[in-house]
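Written out below as structure tokens is the structure these notes cover.
The values are calculated or read from the model by the stated rules, or taken from the named source; none is laboratory data. Just so you know, these numbers come straight off a predicted model, no measurement behind them. FYI the Cβ positions are ideal-geometry reconstructions off the backbone, even for glycines, and counts take in every protein chain you see. Each accessible area value is taken on the protein alone, full model and side chains, heavy atoms only, with ligands, DNA and RNA left out. Shrake-Rupley method; radii C 1.70, N 1.55, O 1.52, S 1.80 Å.
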Amino acid sequence: MTTAVSLNHADNLLQLQNVTKAYGRAAKQFIAIRDVNLKLRRGEFVCLVGPSGCGKSTLLRIVTGLNTVTSGAVLYRGLPLHGVNPYATIVFQTFALFPWLTVQKNVEIALKARRVPPAERTARAVKLIDTVGLNGFESAYPRELSGGMRQKVGFARAMAVGPELLCLDEPFSALDVLSAEALRGELMELWLNKSIPIQAILMVTHNIEEAILMADRIVVMGKNPGRIVAEIAITLRHPRHRKDSAFQAMVDRVYTAVAGETKSEKETLGTAPGKPGEKRMLPDVRLEALAGLLERLSEENGRLDLYRMGGELTLELDDLLPIVEAGELLGFLTVQSGDLLLSPPGQAYAEASILARKEIIAGRVLRLPVIAWIYETLLRDDNKRVDRHYFYDKLQDDFGDLTEKLLDIAIRWGRQAELFAYNGDTSELFLES
Ligand code: ADP
Ligand code: MG
């Protein structure tokens, strides 16, 4: 009996049970992730992907014990986690090195924190620096290194503490393409050859190809609220090649899971202060970017693979998805099985003159309850002029920290549609006669 349980635990390094995390409190509470269930077994490399703001970093911080959970449980080796997880290390996008210390001292400092005796520290640091391919740079200072090399020092430092669980938060995204590729390769070699004591890796990335290159399993998250929407096992053999058809098929599958399907209109439009319904953040995009996407779709007879689209426009997922979201919100397009489909209004827009486009956009933007509410408030005012703070205060209860941003986006869209204008000096929104 006991054996069975411990065997089970030995296999399950990490387990999240119904984990929910809310930031802020009471009325201003914001649910970052809701009801997340996730297991990580020994020997597994799992990637988390999903749109910006879906709670990937939050989840990683919970696993490493840097964030507490609002409800639910985090089990590590079968035991509830309290405080910082001593078995996990995290590497961020830009690794903070001490600028006044050499590469070697930067790695040794992690060993010192673990109370490794001085003589042993030096030997281990030198070996680790060699492992990540920085042999010969022991006495260099961070400023003398390229971004890629600095990130390697970050990896060496993370490995110095010999973590069981390595957590990586977009570790390659601040690097140039070649450095990222090189460092990915080195990490995979260390991991696959088992030349590091790490038992499992949990990595956040917004790069779907990177996830498919490296992971055994991809966990796809969605937002509003942040949650897991799909888990996809990647069984392709290593080394994996982007051009293989099996690889490409996997890219399509993951993209489909990430982009989701267009929901019914009622669900997507959001609500306004004082009205019932789900609140909804507006995607932070410029409407010009959406225009480009609609024109491209129109040239392709109204249907295009979302993944190809991103590649063509050389957009990262984090940039492409908000544009698609804006298109859905305004009813210009829908998403189905990883394809973008142009709607009749989208088609009309793509073919319209600049003047006609303004009119179409105005009609579409006014369908959004939050923008209609701003517009109607201005209409009702005697001077057709209302202070920004009025809107801010009303929105604040629902949007908390995001209020400023929401208002900025709403003003930008309202201006572009020529529904209302904004004077930054007096911070007033007004209707132009
Ligand atoms: P991701 O890494 O997927 O982009 P994050 O985990 O950073 O997402 O954030 C998830 C959501 O939680 C976002 O909407 C973000 O604005 C919010 N958030 C993150 N950290 C905090 C915080 N300390 N206080 C309030 N809100 C936060
Ligand atoms: Mg993040």
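Select from segment 208-232 the residues that are in a loop (DSSP other than H, G, I, E, B) and touching a strand residue (DSSP E or B) at 6+ places or on another chain (Cβ under 8 Å) and write down the one among them that is most open to solvent (accessible area, probe 1.4 Å). Full working, then the answer.
The initial filter retains those residues of segment 208-232 that are in a loop (DSSP other than H, G, I, E, B), namely 215-216, 223-225.
Checking which are touching a strand residue (DSSP E or B) at 6+ places or on another chain (Cβ under 8 Å) leaves us with 215-216, 225.
On the way: 215: 0, 216: 52, 225: 28 Å².
Ranking the qualifying residues of segment 208-232, first place goes to 216.
Which condition number does residue 84 fail, the rest of (1) closer than 25 Å to residue 21 by Cα; (2) surrounded by 18 or more Cβ atoms within 10 Å (Cβ to Cβ) being met?
Unmet condition: (2).
Checking residue 181 against (1) surrounded by fewer than 16 Cβ atoms within 10 Å (Cβ to Cβ); (2) in contact (Cβ under 8 Å) with a residue 12 or more places away in the chain, which single condition isn't satisfied?
Tallying (1) surrounded by fewer than 16 Cβ atoms within 10 Å (Cβ to Cβ); (2) in contact (Cβ under 8 Å) with a residue 12 or more places away in the chain, residue 181 fails exactly one: (2).
Please verify whether residue 66 is of a type in the set (A, V, I, L, M), away from ligand 2 (no atom under 12 Å from the Cβ) and part of a strand (DSSP E or B), treating the condition exactly as stated.
It is false that residue 66 is of a type in the set (A, V, I, L, M), away from ligand 2 (no atom under 12 Å from the Cβ) and part of a strand (DSSP E or B).
Out of the residues in segment 27-58 that are part of a helix (DSSP H, G or I) and out of contact with any Lys or Arg (no Cβ under 9 Å at 6 or more places or on another chain), which is surrounded by the most Cβ atoms within 10 Å (Cβ to Cβ)?
56
Can you spot a residue in segment 354-372 that is of a type in the set (A, V, I, L, M) and touching a strand residue (DSSP E or B) at 6+ places or on another chain (Cβ under 8 Å)?
No, every residue in segment 354-372 fails to be of a type in the set (A, V, I, L, M) and touching a strand residue (DSSP E or B) at 6+ places or on another chain (Cβ under 8 Å).
Just checking, how many residues over segment 301-317 are modelled with pLDDT of 90 or more and open to solvent by 70 Å² or more (accessible area, probe 1.4 Å)? Please lay out each step first, then the result.
At the first step, the residues of segment 301-317 found to be modelled with pLDDT of 90 or more are 301-303.
With the extra rule that they be open to solvent by 70 Å² or more (accessible area, probe 1.4 Å), the set shrinks to 301, 303.
Total satisfying the criteria: 2.
Count, please, the residues in segment 385-405 that happen to be modelled with pLDDT under 95 and of a type in the set (A, V, I, L, M, F, W, C).
3
For segment 233-256, name all the residues that are at pLDDT 95 or above and crowded, with 18+ Cβ neighbours inside 10 Å.
Across segment 233-256, the qualifying residue is only 234.
A quick yes/no check of all residues on (1) within 13 Å of ligand 2 (Cβ to nearest atom); (2) farther than 25 Å from residue 114 by Cα:
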position	(1), (2)
18	no, yes
34	no, yes
41	no, yes
49	yes, yes
73	no, yes
93	yes, no
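Working only within segment 149-165, note down all residues that are β-branched (Val, Ile, Thr) and open to solvent by less than 10 Å² (accessible area, probe 1.4 Å).
The answer is 153, and nothing else.
Select from segment 115-129 the residues that are surrounded by 13 or more Cβ atoms within 10 Å (Cβ to Cβ) and farther than 12 Å from residue 159 by Cβ and list them in ascending order.
Passing the criteria: 116, 121, 122, 126.
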